[in-house]
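Each reported figure results from applying straightforward, stated rules to the coordinates on display, with no laboratory input. These numbers come from a predicted model, not from an experiment. FYI the Cβ positions are ideal-geometry reconstructions off the backbone, even for glycines, and counts take in every protein chain you see.
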Number of protein chains: 2
Amino acid sequence: MHIEWIKGGVCAPMGFKASGVHCGIRHNPGKKDLALVVSDVPANAAAVFTRNKVYGAPITVSREHLKKTGGKARAYLCNSGNANTCNADGVDVADAMCASLANAAGISAEDVIIASTGVIGQPIPLDAIKLGIPSLVSQLRRDGADDAAYAIMTTDTFDKQAAVTFDVSGKAVTIGAMCKGSGMIAPNMATMLAFVTTDAAIEIPALQTALTAAVNDSFNCVVIDGDTSTNDTCAIMANGLAGNDTITAESDASSAFTDALTALLKKLARELAKDGEGATRLLTVNLKGAPTDKLARSIARSIVTSPLCKTAIFGADANWGRVLCAIGYTEGEFAADTIDVSIESAKGTLNVCKNGMGVSFDEAAAKAILLEDEVTLNVNMNQGAASAVFYGCDLTYDYVKINGDYRS
Amino acid sequence: MHIEWIKGGVCAPMGFKASGVHCGIRHNPGKKDLALVVSDVPANAAAVFTRNKVYGAPITVSREHLKKTGGKARAYLCNSGNANTCNADGVDVADAMCASLANAAGISAEDVIIASTGVIGQPIPLDAIKLGIPSLVSQLRRDGADDAAYAIMTTDTFDKQAAVTFDVSGKAVTIGAMCKGSGMIAPNMATMLAFVTTDAAIEIPALQTALTAAVNDSFNCVVIDGDTSTNDTCAIMANGLAGNDTITAESDASSAFTDALTALLKKLARELAKDGEGATRLLTVNLKGAPTDKLARSIARSIVTSPLCKTAIFGADANWGRVLCAIGYTEGEFAADTIDVSIESAKGTLNVCKNGMGVSFDEAAAKAILLEDEVTLNVNMNQGAASAVFYGCDLTYDYVKINGDYRS
């Protein structure tokens, strides 16, 4: 299948408008803190949410809405600066935000998928949000994707948007997305915040299946710090305006759609890891030869999560023993004496471990490879055909600085 | 039972001598890198080792020795500066070290429990060690515990030794120990390096049972960075010189022995956490009211492992939302709306979360509490009677610095 990368984000597909404003949740008036994405027409929708048992009130409300509508939605409403989590009045606040938007935009409150991100357990200024919503609605534009993408950012240092187009039954179908997330990021979750839009005509079960599969191979393969957030949400709206033959779960177009969506979310997942809090390097773990898919994922996860591997990457130190150590403490049954490891970047590839033992290598060459902005650890377990690609980043002074006093 | 804390370490019990020398594994001639502890008479022995599937050659050799002797030992031999792990000739080197000691000390090589700690996958200078062993043996002294405790240190900033004495059948029995460990520390393991000595007369099965139980409530409740080491070893030698009635697995004295050993190892575990790489604060998680022992342990572990909780403790920031988040992503079934959290130190105690929701509190008082060197997070799940106490530390700039270029 051919997919084409195009400019833009959530407004790249037909029939979506977006906006972002500063309403006052954040002190800095220059930082937008409220985002909106609206489909011109009712859309089929699907979502996945965090598996954290402590979860935000917006997730409770979004789940209820999708249940009531049977999988329909019109709008994403998202604030940054406050997670609306562990607040006694959290659900009431989220409901009031949806009602306020419904009133201003002339849609039903149940058609709103709501999300919040920021500090946990702090009162959320509902009055400021209510005041901001009418101007948020009035600023909805076809070219508003950037404003929305900025408004959902917290410690992110850049906005994360992408869009792809591909053919379904002779019609160009487009999928666009924006996401945020920089800390409190770990896989084995639904994901962080990601909002996906498409003009594809696609049935709801096929949409949910595609989303779950795509998230599993993208956002669920990112670890920044191992802390699974309370507010992870990834949602998709499909408004059908592309005019393609409706994609069903059984159709060939369903796998094409899943492939395109997976490629899109993988690109964003990689951006997430690259923008990990304090990160100076993107770390890709390319794990092959594992006995099972589950082991491939859990071993790759161990490596990208390990603080000792992450600090070694920060120091551009080819301390492959820490990679072996992180592999070795992964739960499950596998052998340790068949493992090969190489390091790779734009500067080349170097074998550092063969059959679980060190091989002599040129330290200067290793350093040169690891000093690049994007480095890969290739690990071959040589025990099977399963593989996984996980994304992470280095652990740096700035991660500690950013998180040492996040609330103030 | 009454136990009395006394001065000293591995030489506190009768019939043990120790020494430590610089043999040249480390570049710094002022840093001792080879330690020895010898019992005057044959001792019953037991040990637990890392559960990491990548493990050091010394573990292979120590396991074989204990198997061959049926649980007897005379000596601990330990080097720092090199883990002797992932080396093709690792077992040969460890065997040669034991043979060299056996020759110099006039004991059997099978009576040696050997351990190594340091960088993984680097050639180990066997010749230097062989040259050092005769002087190591000649320096064995009843007051040599400090030298041995210094010689096993890696990134540790202070030595960790303790000893207790208590009564068994009218005889004073003493247990002494030293341990090391500062990074690559996580529970769900055997432990880091700890060497325990006792003059108790105790049967081997009772000794192994006591050691396993004590480690489970002490070293296995420490997390510094979540990386389970490849070389964790905790061993005990009991030489019987106290002259007590021999402790059997079924005797009352067996539980007294286990209690004393647990208290001793808990004290050292706490020291380990306090000396975590880069740490400025000891963090104790006091978890109560969990539905099961397993959940109590895993929830407490989530909290002390979480980088976001650890950086908040570094910043003396009462960001209890991160504690709730770390509880919430723990595997298992439990409720999130009954959780109470308070922070505690020498400056007092402050409730910050009730029934999973924030309570208003004095931020200045919270800061004052968290600025102390030792802080406790009290968490009551209010869902049962199970409890756990875990030890950890804050995540600081210095952790990143220490581990950014550990090999050089």
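What's the average, rounded to a whole number, of partner chain beta-carbon atoms within 10 Å of each residue's beta-carbon in B:337-344?
Values: counts 3, 0, 2, 0, 0, 0, 0, 0.
So the per-residue partner count for this stretch is 1.
Using a cutoff of 8 angstrom between alpha carbon atoms and counting only pairs six or more residues apart, the relative contact order for region B:282-404 works out to 44 percent. Proximity of backbone amide H atoms, modeled 1.01 Å from N, is registered between B:Asp167 and B:Val173 at under 5 Å, excluding neighbours fewer than 5 places apart on the same chain.
Among B:315-321, A:289-295, sorting by the average number of other beta carbon atoms lying within 10 angstrom of each residue, highest first, gives B:315-321, A:289-295. The packing ranking of peptides A:203-212, B:123-132, highest mean first, is A:203-212, B:123-132, where packing means the average number of other beta carbon atoms within 10 angstrom of each residue.
Go ahead and estimate [θ] at 222 nm for the protein assembly as shown from helices alone: -39,500 (n - 2.57) per DSSP H run with n ≥ 4, summed, over the residue count, rounded to 500. Value at 222 nm, helices only: -10000 deg cm²/dmol. Residues of region A:374-392 with an amide N closer than 14 Å to a point placed 7 Å from the Cα of A:Ala335 along the Cα-to-Cβ direction: A:381-385.
Remind me, relative contact order of region A:45-96 in percent, using alpha carbon pairs under 8 angstrom and six or more residues apart?
Numbers: 34 pairs, mean separation 26.5, N = 52.
Relative contact order, region A:45-96: 51 percent.
Per-residue Karplus couplings for region A:316-331, computed as 6.51 cos²θ - 1.76 cosθ + 1.60 with θ equal to phi - 60°, are listed in order as 6, 10, 6, 7, 5, x, 5, 5, 4, 4, 5, 5, x, 8, 5, 4 Hz, Gly and Pro entered as x. With the label put 7 angstrom out from Cα along the Cα-to-Cβ vector, B:Asn382 ends up 5.6 nm from the copy partners, going from closest to farthest. Dipole magnitude for region B:4-274: computed about the Cα centre from +1 point charges on Lys and Arg Cβ and -1 point charges on Asp and Glu Cβ, it is near 380 debye.
Under the criterion of Cα pairs below 8 Å and six or more residues apart, the relative contact order for chain B equals 17 percent. Residue and whole-Å distance for the chain B Cβ lying nearest the axis of the B-onto-A rotation are B:Tyr397, 2. Excluding A:Asn378 itself, what net charge comes from residues whose Cβ is under 9 Å from its Cβ, given Lys and Arg +1 and Asp and Glu -1? Taking every other residue near A:Asn378 into account, the sum is -1. Placing pseudo-labels 7 Å out from each Cα toward the beta carbon at A:Glu250 and B:Lys347 gives an inter-label distance of 6.7 nm.
Averaged over peptide A:82-95, how many Cβ atoms belonging to another chain are found within 10 Å of each residue's Cβ? Show your work: numbers first, answer last.
Working: counts 0, 2, 0, 7, 13, 3, 6, 1, 1, 0, 0, 0, 0, 0.
That average works out to 2.
Restricted to Cα atoms, the protein assembly as shown shows a radius of gyration and a Dmax of 28.9, 93 angstrom. Remark: label point of B:Val91 defined 7 Å out from Cα along the Cα-Cβ vector; separations to the same position in other copies 6.1 nm, ascending.
Can you pull the semi-axes for chain B, root of five times each eigenvalue of the Cα gyration tensor, sorted largest first, whole Å?
On the way: eigenvalues 283, 121, 63 Å².
Those come to 38, 25, 18 Å.
Taking label points 7 Å from Cα along the Cα-to-Cβ direction, A:Phe361 and B:Asn103 give a separation of 3.6 nm.
Around B:Lys72, under 10 Å between beta carbons, what's the net of Lys plus Arg minus Asp minus Glu among the other residues? It would help to have the intermediate numbers written out before the result.
On the way: positive: B:Lys68, B:Arg74; negative: B:Glu110, B:Asp111.
Spelling it out: positives minus negatives among the neighbours equals 0.
The residue list A:Ala151, A:Thr117, A:Leu268 was ranked by how far each Cα lies along the charge dipole of the protein assembly as shown toward its positive end, using unit charges on Cβ atoms, and A:Ala151 comes out on top. Dipole check for region A:282-404: with +1 at the C-beta of Lys and Arg, -1 at the C-beta of Asp and Glu, and the Cα centre as origin, the magnitude is about 200 Debye.
With the cut-off at 1.5 for a/c, could you classify region B:282-404 from its C-alpha gyration tensor as rounded, prolate or oblate? Oblate, since a/c reaches 1.5 and b/c is not below a/b.
Using θ = phi - 60° in the Karplus curve 6.51 cos²θ - 1.76 cosθ + 1.60, the 3J(HN,Hα) couplings for region A:372-377 round to 5, 5, 10, 10, 10, 9 Hz; x is entered for Gly and Pro.
Near B:Met237, the amide H atoms lying under 5 Å from its own belong to B:Val196, B:Thr197, B:Thr198; only residues 5 or more places off or on other chains count, and H is placed 1.01 Å from N. Selection among A:Val379, A:Val352, A:Gly315 by position relative to the dipole of region A:282-404 gives A:Val379 as farthest towards the positive end (Cβ unit charges, Cα centre).
Our coupling estimate for region A:205-216, obtained by passing each phi through the Karplus curve with A = 6.51, B = -1.76, C = 1.60 and θ = phi - 60°, is x, 5, 5, 5, 4, 4, 5, 4, 5, 5, 5, 4 Hz, Gly and Pro reported as x.
Averaged over peptide A:116-123, the number of partner chain Cβ atoms lying within 10 Å of each residue's Cβ comes to 4. If one computes the Cα centroid of region B:310-350 and of region A:1-16, what distance in Å separates the two points? Computed from Cα coordinates, the inter-centre distance equals 42 Å.
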